[in-house]
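Presented below is the structure to which this report refers.
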Amino acid sequence: MSHGHRNGFTLLELLIVVVILGVLAAIIIPRVTANAAEAKKVACSQNVGLINGMVEKWYVDKGKWPLDSLEDIGADPAYFPKGIPKCPVTGAKYMLNSVTHRVSHLHVSAEAQGFIERLIAPILH
Ligand SMILES: [Zn+2]
């Protein structure tokens, strides 16, 4: 072999490395993003559990349920010193179901949200 060939990789070696890296990325990246999405959903359900617990404590303390919008309990630092968290998945505010007085919360896609809003807009206006 001449001196020139000992320096660095050949084109074929480089191609093999690029292909291997591509295969590794294709395997690893979807898992990492799926885990991040899953972690946000877990954090959301923990938020819902915390809010439901505080709503029940408010009922025991005050003898009435907080507003469905959670504005009253959310503004009270005795219950939420740092304010009520928002959904880490969608960024939406949590709301109470007016019948059950528990957090009513779903993860819907932006398209589904838009579709639902278009459906109910004529009813509301
Ligand atoms: Zn959520």
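The values are calculated or read from the model by the stated rules, or taken from the named source; none is laboratory data. Remember, it's a predicted structure, so these values are computed and weren't measured experimentally. In this analysis, Cβ positions are derived from the backbone assuming ideal geometry, glycine residues included, and neighbour counts consider all displayed protein chains.
Details
- Checking each residue in the stretch 57-79 for being part of a loop (DSSP other than H, G, I, E, B) and aromatic (Phe, Trp, Tyr) picks out 65, 79.
- Qualifying residue in the stretch 24-47 (condition: surrounded by 14 or more Cβ atoms within 10 Å (Cβ to Cβ), part of a loop (DSSP other than H, G, I, E, B) and at pLDDT 90 or above): no
- Per the listing 69, 45, the residue uniquely among the small types (Gly, Ala, Ser) and within 12 Å of the ligand (Cβ to nearest atom) is 45.
- Selection within the stretch 98-125 - within 15 Å of the ligand (Cβ to nearest atom) and either in contact (Cβ under 8 Å) with a residue 60 or more places away in the chain or part of a loop (DSSP other than H, G, I, E, B) (or both): 102, 105, 106, 107, 108, 109
- The one condition from (1) surrounded by 10 or more Cβ atoms within 10 Å (Cβ to Cβ); (2) without any contact (Cβ under 8 Å) to a residue 24 or more places away in the chain; (3) of a type in the set (A, V, I, L, M) that residue 60 does not meet is (1).
- If the condition is being closer than 23 Å to residue 106 by Cβ and in contact (Cβ under 8 Å) with a residue 12 or more places away in the chain, then the stretch 33-57 contributes 37, 40, 41, 43, 44, 47, 48, 50, 51, 52, 54, 55.
- Consider the stretch 71-88 and keep the residues that are surrounded by 16 or more Cβ atoms within 10 Å (Cβ to Cβ) and among the hydrophobic types (A, V, I, L, M, F, W, C). The one that is nearest to residue 41 (Cα to Cα) is 87.
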